[in-house]
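Chemist: Here it is, the structure, as structure tokens.
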């Protein structure tokens, strides 16, 4: 699938373009918070200890786009959601019970972008599918600089598409079932990984098994260039399932010899089994 093997320029802020630092306008409907979840206590510990959230390759089902020869494609990403605390239970039942949250303004300054949900029956979806089909059919034809830029843009855009609904494997139970993806209120961080020698998009024919994606993902662990780095005072919430794990977390934090920064962490912790009924 040569059309997806192109070098992708995800675009960076140019020397003449600066990040917008306008005053953040919080939503009056959605929370002004971005959560990211994991299924393992050890991964939460790693994120906190290193003050870093590294991306992972995630295989996305794009069969709904009806692109010949491609049903799945993997991108490096980290997923967040802006769901109210009182509605997080359902989301956590799919994505894990260990979470870190930040102010939405922090996420927006760190290149985290809301996902665009597509109705499979819409004209917009059909236009996107038709455009991709044409790109892939062109293959290795000589292209102008503008054509290359437009192709890169479309592939970049693809990384932020998701169907309104579809089948998904529960991260906690490994069971597959149908769900409404729009309920996830997803935001994504998709870094440019070409600088560390990895592919930006990997079609399914290049992924013989999930072990290979795990290997690629592990190679991004601890790499600041492609990770989200933070300070403890930027954390808004930390979610821990049980009081026993809260105690384990405190024991780990004590080993890090953080001084007063320790209290920046402890003040943000929510023990879910004790507090879930309050939200």
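Read the figures in this text as sums done on the coordinates, not as results from a lab. The model shown is predicted, which means the values in this text are computed figures rather than measured ones. Here the Cβ is made from the backbone with ideal geometry for all residues, glycine too, and neighbour counts use every protein chain on show.
Chemist: Could you work out the equivalent-ellipsoid semi-axes for segment 182-224, taking the square root of 5 times each eigenvalue of the Cα gyration tensor, largest first, in whole Å? It would help to have the intermediate numbers written out before the result.
Modeler: Details: eigenvalues 79, 55, 25 Å².
They are 20, 17, 11 Å, listed from largest to smallest.
Chemist: Also, I was wondering about something else. Compute the projected area of the convex hull of the Cα atoms of segment 162-251, averaged over all viewing directions, and report it in nm² to one decimal place. Don't jump to the answer; show the numbers that get you there.
Modeler: On the way: hull surface 35.6 nm².
Taking the Cα atoms of segment 162-251, their convex hull projects to 8.9 nm² on average.
Chemist: Can you put 35, 160 in order, fewest other beta carbons within 10 Å first? All intermediate terms of the calculation are to be shown ahead of the outcome.
Modeler: Numbers: 35 24, 160 16.
Listed from fewest to most nearby Cβ atoms, that is 160, 35.
Chemist: For the chain, what does the relative contact order come out to in percent, with C-alpha contacts under 8 Å and a separation of six or more?
Modeler: Worked out over the chain, it gives 29 percent.
Chemist: Taking the chain as the reference, fit the longest principal axis to its C-alpha atoms, fit the long axis of helix 145-158 to the helix C-alpha atoms, and give the angle between the two in degrees, 0 to 90, nearest 10.
Modeler: Long axis of 145-158 versus the principal axis of the chain: about 40 degrees.
Chemist: Another question, then. Which of 102, 41 has the fewest other C-beta atoms within 10 Å, and how do the rest follow up to the most?
Modeler: Values: 102 21, 41 18.
In increasing order of surrounding Cβ atoms, one gets 41, 102.
Chemist: Mind jotting down the distance between the C-alpha centroids of segment 182-242 and segment 107-131, whole Å?
Modeler: Result: 20 Å between the Cα centres.
Chemist: Hey, another quick one. Helix-only mean residue ellipticity at 222 nm, the chain, DSSP H runs n ≥ 4 weighted -39,500 (n - 2.57), per residue, nearest 500. What is it? Could the numbers behind the result be given before it?
Modeler: Working: 9 runs with 86 residues, N = 279.
Mean residue ellipticity at 222 nm (helix-derived): -9000 deg cm²/dmol.
Chemist: Report relative contact order for segment 32-173 in percent, whole number only (criteria: Cα-Cα under 8 Å, sequence separation at least 6).
Modeler: Values: 146 pairs, mean separation 47.1, N = 142.
Value for segment 32-173: 33 percent.
Chemist: Can you tell me the 0 to 90 degree angle between the C-alpha axis of helix 41-50 and the longest principal axis of the chain, rounded to 10?
Modeler: The helix 41-50 is inclined about 90 degrees to the chain.
Chemist: Mind pulling up the Rg/Rh value for segment 25-133? Radius of gyration and Kirkwood radius, both on Cα.
Modeler: Numbers: Rg = 16.6 Å, Rh = 16.2 Å.
Result: Rg/Rh = 1.02.
Chemist: For a footprinting-style exposure proxy, rank 64, 57, 161 by other Cβ within 10 Å, fewest first. Before the final figure, lay out the partial values.
Modeler: Values: 64 19, 57 25, 161 16.
Ranked by crowding around the Cβ, least crowded first: 161, 64, 57.
Chemist: Right, another one. Whole number please: convex hull volume per residue, Cα atoms of segment 107-256, in Å³. Intermediate results must be reported in sequence, preceding the final value.
Modeler: Numbers: hull volume 29.2 nm³, N = 150.
Here the figure is 195 Å³ per residue.
Chemist: In whole angstrom, how long is each semi-axis of the equivalent ellipsoid of segment 118-170, when you take the square root of 5 times every eigenvalue of its Cα gyration tensor and sort them from largest down?
Modeler: On the way: eigenvalues 133, 30, 20 Å².
Semi-axes (√(5λ), whole Å): 26, 12, 10.
Chemist: Once every Cα of segment 152-211 carries one equal point scatterer and solvent is ignored, give the base-10 log of I(q)/I(0) from the Debye formula at q = 0.14, 0.21, 0.25 Å⁻¹, two decimals.
Modeler: -0.59, -1.17, -1.23
Chemist: Taking the chain as the reference, fit the longest principal axis to its C-alpha atoms, fit the long axis of helix 243-255 to the helix C-alpha atoms, and give the angle between the two in degrees, 0 to 90, nearest 10.
Modeler: 90 degrees
Chemist: Moving to a separate point now. Restricting things to Cα coordinates, could you compute the convex hull volume per residue of the chain in Å³?
Modeler: So the per-residue Cα hull volume is 161 Å³.
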